[in-house]
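Asks: Quick one: this structure, given as structure tokens, is what I'll be asking you about.
The values are calculated or read from the model by the stated rules, or taken from the named source; none is laboratory data. Keep in mind that this is a model prediction, so the values were computed, not measured. Backbone-built Cβ (ideal geometry, glycine too); neighbour counts: all protein chains shown. Heads up: the accessible areas ignore ligands, DNA and RNA and are worked out on the full protein's heavy atoms, side chains in. Shrake-Rupley method; radii C 1.70, N 1.55, O 1.52, S 1.80 Å.
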Amino acid sequence: MNKYDPVKTEAKWTKIWHQTNLNKTPEEVKDKFYNLVMFPYPSGNLHIGHWYNFAPADTLGRFSKMHGKDVLEPFGYDSFGLPAENAAIERGLMADKWTDQNIADMTKQMNKIGAMYDWDKTLKTSDPNYYKWTQWMFLKLFQDKKAYQKDGLVNWCPNDKTVLANEQVVNGECDRCGSAVERKNLKQWYFKTTAFADALIDDLDSIDWSDKIKEMQRNWIGRSVGAHINFAIDGSNEKLQVYTTRPDTIYGVTFMVVAPEHPLVSEITSEDQSKEVNNYIAEVGAKTNIDRMETKEKTGVFTGAYAVNPATNQNVPIWISEYVLMEYGTGAIMSVPAHDERDYEFAKKFGLEINQVIEGGTIEDQAHVSSGKLINSGEFDGMDSDEAKQKITTWLESKNIGQKQTNYRLRDWLISRQRYWGTPIPIIHCDNCGVVAVPEKDLPVVLPLDQKFGKDGRSPLLDNEDFLNVKCPDCGDDAKRETDTMDTFVDSSWYFLRYPNPHYQDGPFDPVAVKRWLPVDRYIGGAEHAVLHLMYARFFTKFLHSKGHLDFNEPFTKLINQGMIDGPDGKKMSKSKGNVINPDDYVDKYGADSVRMYLMFMGPYEDGGPWDPKRFEGTHRFVNKIWEMITSSYSEISVDSAVEAELESKLHKLIKKVTEDVPNVRFNTAIASMMEFVNYASSVKLKGEVSANQWNIVVNTFTKVLAPFAPFLSEELWEKLGNHESVHAQAWPIYDENLVKDDVLTIIIQINGKLRDEFLVNSEDAFYQDELERMAKEKLGDKLAGIEVIKTIVVPGKLVNFVVR
RNA sequence: GGGAGAGUGGUGGAAUUGGUAUACACGACGGACUUAAAAUCCGUUGCCGUAAGGCUUGAGGGUUCGAGUCCCUCCUCUCCCACCA
């Protein structure tokens, strides 16, 4: 018996596919399928998580290709980022050399996966030919005032020594290194993501993403509709503007709270309260984000000032407290303790007045938060909250002290980083002209390579005179370059536009190629990017669309989020736990196809799960079983036409099942049905019950079904079966509806819904209800004697149910 | 505290519109081959019961001829957000 030799086979076909240009992307495109996986960071080692990402995605691509689709399946690298810089600092390497070596290593490993990548369509974001256009994107945003500089409180990671975007702070910690994030006042570059806040929410309805991810984006953007209201301050000309979603409760406002950082605080604070107020501000200012989050109990200080409730004309005290955030709304709130839990807690703690204005609840015990009928609200008494919100807002507008206002939790994207290994921000600072954009013709602003780092990790750009010193493009005087680089998420926000023609020189992307291939039909990647990359890429697409560069406004039509592969112990893989699975160990021993098959068979793609070496063995056994079944010789022993019909029917059922499962990423059930088929076909073969001719047709067809899953194995089998053209260039087999239908159906017999018996019936008779009932009665025979049948339910082709007393 | 999702054998997991629950695989047990082991192959395997039979999809209730699937209450777990006014 000749045994399947994956190592030899895979090397052989890798070479042949390369020589025959099998994976070249078609130029003539009729029915496109842009099959994209989120590109990886070149960390240097392809781990099993990468395999889980790319191998099933490739099955989808190959499956589509066999269906006659023109498939674009590119691969590249998100190659700017901190790990390269850390390697440079810690080990004295060059960040660029380290990165390029990793790319070379990973590309070698990537070739083992058996994917249909067209290596002509590759890119890396650290390539000047690429980041030139990232800088171009910055300039376009800058020209449109959607890239701007702002002074303010920012998140600072003391370990990575850079600022972070809001999205990159998780539970008060840096999402890269886990350090506690500090708050600093710094001038930084931002992209105006909030300009597209509405579109980012509304257009979610038009794309095929999981509800989970869509909901996460909606929550992150956090749209809320309410009103701005200006409160007069007693004894001052200043107005205190607040944002509220509950204008219906304005008669219940008994105090105001402003954020400690609010600019009005210093102006309105009375002399006798100023010491206490200043102490409080200092105390809060010293806290980190984590400290702030840990503060459970409400704290605050009275400013000594009063505002006037415009509804009641009552004077209400103005307090400061850290529970009001300067970053959201106006940094000031009107407090309605009767109908807001936080205000209630605050009022109870500091003995402030509580006025109920919505009927119901037990205000003595807790805030009554739900909406309802208004009371104690003058002319608005008796109105429902929803109506009162409208009416009161209109009333405020008529008095010119308020208006309807929509607010978002989304903050503009902070994109500058005080790091070296990233795309330089194409800006020049000139003493005469201020902030000046680098002219387009001067792009790219080249990042100097071979830079040495000190132990402190200080960006070498800060000390690189050649880089720093430039002439101002406006006035020609000496000027300095911006030394911050861009967040690497900027690089990855538009890469999918460049893949169709990564060699294009006249712009960031080739408009003809983009028209041909975009938007992305399947986008596959981890759910951890729900509010990061996936939102940033949508923002870029919307911006480019608004400027007429793109004719679509959503980049990823259908999104698939694969799960995570854990270690055999069920825990997240990590070097320190010693539970990391190295795919090479398995690939070198069992072959890529077995790894691919196991990853797809282990469970639903969206769930992931632990890597189980035992179960892997099981899948590998299946691969060998296929090899044995197809390559060992077939001999007719006792040909049986009933078995021939059965085998043909099972083959067509298999085709149908796999055809339906793969587009829905149900790889596990597709493979299960292949196993079932092989089990049956093997037993037929052993007994030689079908003609050699039919057997030949069956194994040829089966090999085509197998092809997207196990590209090497199927190609070798295909050749052994005497075919000359690649199996991957074959058309997907079409199943015959008539053969999928069963000739004989099993009808079950129930009594009161419980299974009691069953019988077989020819499919053409299975839809005559009277006949089915008669047959069921006959089959049950004596069992029904003396029992009163009240009702009989007949489901044609399925069952007969006798309802008895 | 808010939002989303999920609970099925010893394990990963299958189950068209409500219509044979536990497909496929792992593990376990028994057997064949072997001096022996590995590999391979064959059988058994939801639970209780010798059997007939009964029970079974987190718990309880409901709708229905019939519920893993639909509705209500509760419990548990996972993920996301979190003083967002």
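Asks: What does the charge count around A:Gly304 come to, taking other residues whose C-beta lies under 13 Å from its C-beta (Lys +1, Arg +1, Asp -1, Glu -1)?
Replies: -4
Asks: With runs of 4+ DSSP H residues as the only contributors, calculate the mean residue ellipticity of chain A at 222 nm using -39,500 (n - 2.57) per run, divided by the residue total and rounded to the nearest 500.
Replies: Details: 26 runs with 291 residues, N = 805.
Here the helix-only value at 222 nm equals -11000 deg cm²/dmol.
Asks: What number, in percent, do you get for the relative contact order of segment A:1-158 if the mean sequence gap of Cα pairs under 8 Å and at least 6 apart is divided by its residue count? Could you put the intermediate results ahead of the total?
Replies: Numbers: 147 pairs, mean separation 41.6, N = 158.
Once normalised by length, the contact order is 26 percent.
Asks: Sequence neighbours fewer than 8 away in the same chain don't count; with that in mind, list the lysines whose C-alpha is under 27 Å from A:Lys656.
Replies: Partners within reach: A:Lys30, A:Lys32, A:Lys65, A:Lys69, A:Lys558, A:Lys625, A:Lys685, A:Lys687, A:Lys704, A:Lys720, A:Lys741, A:Lys798.
Asks: Something else now. Modelling each spin label as a point 7 Å along the Cα-to-Cβ direction, I'd like the A:Asn679/A:Asn45 distance in nm, to one decimal.
Replies: About 3.8 nm separates the two model spin labels.
Asks: Right, here's the next one. Return the distance in nm (one decimal) between the two label points of a simple spin-label model at A:Glu297 and A:Glu27, each offset 7 Å from Cα along Cα→Cβ.
Replies: Modelled inter-label distance: 7.6 nm.
Asks: So if R0 is 25 Å, what FRET efficiency would A:Lys349 and A:Glu387 give, r being the distance between their Cβ atoms, rounded to the nearest 0.05? All intermediate terms of the calculation are to be shown ahead of the outcome.
Replies: Numbers: r = 33 Å, r/R0 = 1.33.
After rounding, the FRET efficiency stands at 0.15.
Asks: From the square roots a ≥ b ≥ c of the eigenvalues of the alpha-carbon gyration tensor of segment A:110-166, which class results: rounded (a/c under 1.5), prolate (a/b over b/c), or oblate? Walk me through the intermediate numbers first.
Replies: Details: a/c = 3.60, a/b = 1.67, b/c = 2.16.
It comes out oblate by the Cα gyration axes.
Asks: Any idea what the alpha-carbon Rg over 2.2 N^0.38 Å comes to for segment A:543-692? Write down the numbers at each step before the final one.
Replies: Values: Rg = 21.2 Å, N = 150, 2.2 N^0.38 = 14.8 Å.
Normalised Rg, Cα atoms only: 1.43.
Asks: If you don't mind, there's one more thing I want to ask. Calculate the length of the line joining the C-alpha centroid of segment A:244-315 to that of segment A:703-739, in whole Å.
Replies: About 72 Å separates the Cα centre of segment A:244-315 from the one of segment A:703-739.
Asks: Can you give the Rg and Dmax of segment A:416-481 based on its C-alpha atoms, in angstrom?
Replies: 12.5, 38
Asks: Among the helices of chain A (complete DSSP H runs), which have Cα atoms covering no less than 20 Å along the helix axis and a Kyte-Doolittle mean of at least -1.0? Walk me through the numbers before you get to the answer.
Replies: Working: long enough: A:48-66 (27 Å, -0.28); A:95-110 (22 Å, -1.20); A:128-143 (22 Å, -0.62); A:613-631 (27 Å, -0.74); A:641-661 (30 Å, -0.51); A:667-687 (30 Å, 0.42); A:692-706 (21 Å, 0.35).
What comes out of the filter, once short or polar helices are dropped, is A:48-66, A:128-143, A:613-631, A:641-661, A:667-687, A:692-706.
Asks: So, one more: Please find the FRET efficiency linking A:Thr406 to A:Asn171, where r is the Cβ-Cβ separation and R0 is fixed at 30 Å, and quote it to the nearest 0.05. It would help to have the intermediate numbers written out before the result.
Replies: On the way: r = 28 Å, r/R0 = 0.93.
Step by step, r from the Cβ atoms, then E = 0.60.
Asks: Quick one: compute the contact order of chain A, relative version, from alpha carbon pairs under 8 angstrom and 6+ residues apart, as a percent. Present the calculation step by step, with values, prior to reporting the outcome.
Replies: Values: 1442 pairs, mean separation 114.6, N = 805.
It comes to 14 percent, rounded to a whole number.
Asks: Under a Cβ-only charge scheme (Lys and Arg +1, Asp and Glu -1), can you give me the dipole magnitude of segment A:161-229 about the Cα centre, in debye to the nearest 20?
Replies: On the way: 10 positive and 11 negative charges, 112 e Å.
In total the dipole reaches around 540 debye.
Asks: Follow-up. Can you report the principal axis dimensions of segment A:627-705 using only the alpha carbons, biggest first, rounded to whole angstrom?
Replies: So the three principal-axis extents are 40, 25, 17 Å.
Asks: How much space per residue, in cubic angstrom, does the convex hull of the C-alpha atoms of chain A take up? If you can, show how the numbers build up before the last one.
Replies: Numbers: hull volume 195.9 nm³, N = 805.
That works out to 243 Å³ per residue.
Asks: Sticking with this one: With charges only on Cβ, +1 for K and R and -1 for D and E, what is the dipole size of chain A about its Cα centre, in debye, rounded to 20?
Replies: Details: 94 positive and 119 negative charges, 237 e Å.
Roughly 1140 debye for chain A.
Asks: Could you give the length gained by full extension between A:Ala672 and A:Gln366, i.e. 0.36 nm per residue of separation minus their alpha carbon distance, to one decimal place?
Replies: Details: separation 306, 0.36 × 306 = 110.16 nm, distance 5.58 nm.
My answer for the length gained is 104.6 nm.
Asks: Compute the Rg/Rh shape ratio of segment A:232-271: radius of gyration over Kirkwood radius, all on alpha-carbon atoms. The partial results should precede the final answer.
Replies: Working: Rg = 11.6 Å, Rh = 11.9 Å.
My calculation of the ratio gives 0.98.
Asks: Do any trypsin sites (Lys or Arg not before Pro) in segment A:436-525 lie in a DSSP loop with no more than 11 other beta carbon atoms within 10 Å, and if so, which?
Replies: Details: sites: A:Lys441, A:Lys452, A:Lys455, A:Arg458, A:Lys471, A:Lys480, A:Arg481, A:Arg498, A:Lys515, A:Arg516, A:Arg522; in loops: A:Lys452, A:Lys455, A:Arg458.
Of the trypsin sites (Lys or Arg not before Pro), the ones in loops of segment A:436-525 whose Cβ has at most 11 other Cβ atoms within 10 Å are A:Lys452, A:Lys455.
Asks: Give me the net charge of A:Met486's neighbourhood, meaning all other residues with Cβ under 11 Å from the Cβ of A:Met486; Lys, Arg count +1, Asp, Glu -1.
Replies: On the way: positive: A:Arg417, A:Arg419; negative: A:Glu482, A:Asp484, A:Asp487, A:Asp491.
My count for the surroundings of A:Met486 gives -2.
Asks: Which stretch or stretches of segment A:621-658 have amide N atoms under 13 Å from the point lying 7 Å from A:Ser691's Cα along the Cα→Cβ direction?
Replies: Label zone hits: A:636, A:639-642, A:644-645.
Asks: How do A:Met573, A:Met564 stack up against each other in accessible area, from largest to smallest, with a 1.4 angstrom probe? Intermediate results must be reported in sequence, preceding the final value.
Replies: Working: A:Met573 40, A:Met564 105 Å².
So, going from the largest accessible area down, we get A:Met564, A:Met573.
Asks: Under the 0.36 nm per residue contour assumption, what length would be gained going from the current alpha-carbon distance of A:Ala729 and A:Ser633 to full extension?
Replies: On the way: separation 96, 0.36 × 96 = 34.56 nm, distance 2.59 nm.
Result for the pair: 32.0 nm of gain on full extension.
Asks: Rg/Rh for segment A:293-335 to two decimals, with Rh computed the Kirkwood way over all alpha-carbon pairs. Write out the running numbers ahead of the final one.
Replies: Values: Rg = 12.1 Å, Rh = 11.9 Å.
Rounded to two decimals, Rg/Rh equals 1.02.
Asks: Expressed as a rounded percentage, what relative contact order does segment A:313-414 have, with Cα pairs under 8 Å and six or more residues apart? Present the calculation step by step, with values, prior to reporting the outcome.
Replies: On the way: 99 pairs, mean separation 15.8, N = 102.
Dividing the mean separation by the residue count of segment A:313-414 yields 16 percent.
Asks: Take the solvent-accessible surface of the protein heavy atoms, probe 1.4 Å, and return the percent of it on chain A that carbon and sulfur atoms account for. Don't skip to the answer; put the middle values down first.
Replies: Working: 17360 of 36040 Å².
Looking at chain A in its full context, I get 48 percent from C and S.
Asks: Here is a further query. Which ³J(HN,Hα) values in Hz, rounded to whole numbers, follow from the phi angles of segment A:25-32 under the Karplus curve 6.51 cos²θ - 1.76 cosθ + 1.60, where θ = phi - 60° and Gly and Pro get x?
Replies: Computed from phi, the couplings for segment A:25-32 are 6, x, 8, 7, 10, 9, 10, 7 Hz.
Asks: Stretch A:Lys184-A:Glu788 to full length: gain in nm at 0.36 nm per residue minus the Cα-Cα span?
Replies: Values: separation 604, 0.36 × 604 = 217.44 nm, distance 8.32 nm.
My answer for the length gained is 209.1 nm.
Asks: Restricting to DSSP loop positions (anything but H, G, I, E, B) with no more than 11 other Cβ atoms inside 10 Å of their own Cβ, which trypsin sites (Lys or Arg not before Pro) remain in segment A:347-435? Numbers along the way, then the final one.
Replies: Working: sites: A:Lys348, A:Lys349, A:Lys373, A:Lys389, A:Lys391, A:Lys399, A:Lys404, A:Arg409, A:Arg411, A:Arg417, A:Arg419; in loops: A:Lys399, A:Arg409, A:Arg411, A:Arg419.
In loop regions of segment A:347-435 (DSSP not H, G, I, E or B), the sparsely surrounded trypsin sites (Lys or Arg not before Pro) are A:Lys399.
Asks: Using +1 at the Cβ of each Lys and Arg and -1 at the Cβ of each Asp and Glu in chain A, identify which of A:Ala479, A:Thr312, A:Ser633 lies farthest towards the dipole's positive end.
Replies: Among A:Ala479, A:Thr312, A:Ser633, the one farthest towards the positive end of the dipole of chain A is A:Ser633.
Asks: Sequence-distant or interchain residues sharing an amide H contact under 5 Å with A:Ile358, placed H: which?
Replies: Placed amide hydrogens put A:Ile375 under 5 Å from A:Ile358.
Asks: Here's something else I'd like to know. Taking a quarter of the surface of the Cα convex hull of segment A:134-236, what do you get in nm²? Numbers along the way, then the final one.
Replies: Values: hull surface 43.5 nm².
Mean projected area for segment A:134-236: 10.9 nm², to one decimal.
Asks: What shape does segment A:1-133 have by the C-alpha gyration tensor, where a ≥ b ≥ c are the square roots of the eigenvalues, rounded means a/c under 1.5, and otherwise prolate means a/b greater than b/c and oblate the rest? The partial results should precede the final answer.
Replies: Working: a/c = 2.31, a/b = 1.43, b/c = 1.61.
The shape class here is oblate.
Asks: May I pose another question? About the Cα centre, and with charges only on the beta carbon of Lys, Arg (+1) and Asp, Glu (-1), how big is the dipole of segment A:637-768? Nearest 20 debye, please. Intermediate values should be presented prior to the final figure.
Replies: Values: 12 positive and 20 negative charges, 84 e Å.
I would put it at about 400 debye.
Asks: Given the options A:Ile250, A:Val301, A:Asn762, identify the residue whose Cα lies farthest towards the positive end of the charge dipole of chain A (+1 on Cβ of Lys, Arg; -1 on Cβ of Asp, Glu).
Replies: Farthest towards the positive end: A:Asn762.
Asks: Taking every DSSP beta bridge that has both residues in chain A, what percent is antiparallel when rounded to the nearest 5? Please list the in-between numbers first.
Replies: Values: 69 of 93 bridges.
So the antiparallel bridges in chain A amount to around 75 percent.
Asks: Taking K and R as +1 and D and E as -1, what net charge do the other residues with C-beta under 13 Å from the C-beta of A:Asp474 add up to?
Replies: Around A:Asp474, the charge tally is -3.
Asks: So how many Å³ per residue does the convex hull of the Cα atoms of segment A:626-761 work out to? Each step should come with its number before you reach the end.
Replies: Values: hull volume 18.8 nm³, N = 136.
Once divided by residue count, the hull of segment A:626-761 is 138 Å³.
Asks: Calculate, axis by axis, the spread of Cα positions in segment A:526-624 along the three principal axes, and write the results as whole Å, longest axis first.
Replies: The principal-axis extents, from largest down, are 55, 33, 23 Å.
Asks: Moving to a separate point now. Going by the alpha-carbon gyration tensor, a ≥ b ≥ c the square roots of its eigenvalues, is segment A:281-440 rounded (a/c under 1.5) or, if a/c is not under 1.5, prolate (a/b greater than b/c) versus oblate? Could the numbers behind the result be given before it?
Replies: On the way: a/c = 2.57, a/b = 1.80, b/c = 1.42.
It comes out prolate by the Cα gyration axes.
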